[in-house]
Amino acid sequence: MKLTGTRKAINEIVIQLAIALFAFVVLVYGGTKLALKTLAMGQVTPALGLEMGYIYFCLPISGALMIFYSIVFAIERIKQLASGSAPYAGSQLD
């Protein structure tokens, strides 16, 4: 069954919000806890001599970027639904 029109746009909004929720819980929240815990333990990389906590901070940063873009894509779809225009060609999930 292929979704079209309004159902497709609503489905894409729900998917983007699920991605944002996952990114927040796993990457931002969990990544921050991991990075802070690793910094507290003082674990150091053998080759670089850097604390692993600083390296693990890439998780919450990437999670924040994922949340930002998921919200941007969801807002685009909401605007399309509000204006009644059809989804643009080459859109996500086409």
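The values are calculated or read from the model by the stated rules, or taken from the named source; none is laboratory data. None of these values were measured; they are calculated from a predicted model. Backbone-built Cβ (ideal geometry, glycine too); neighbour counts: all protein chains shown.
General remarks:
- Those residues of region 35-71 which are farther than 30 Å from ILE10 by Cβ and aromatic (Phe, Trp, Tyr), in sequence order: TYR54, TYR56, PHE57
- Count of residues meeting criterion [touching a residue at least 24 places away in the same chain (Cβ under 8 Å) and among the hydrophobic types (A, V, I, L, M, F, W, C)] in region 16-31: 8
- Among the numbered conditions (1) over 13 Å from the mean Cα position of the chain (by Cα); (2) under 30 Å from LYS79 (Cβ atoms); (3) of a type in the set (Val, Ile, Thr), the only one that ILE67 does not meet is (1).
- Only one of the listed residues (GLY49, GLY30) is farther than 30 Å from SER85 by Cβ and either touching a strand residue (DSSP E or B) at 6+ places or on another chain (Cβ under 8 Å) or at pLDDT 95 or above (or both). That residue is GLY30.
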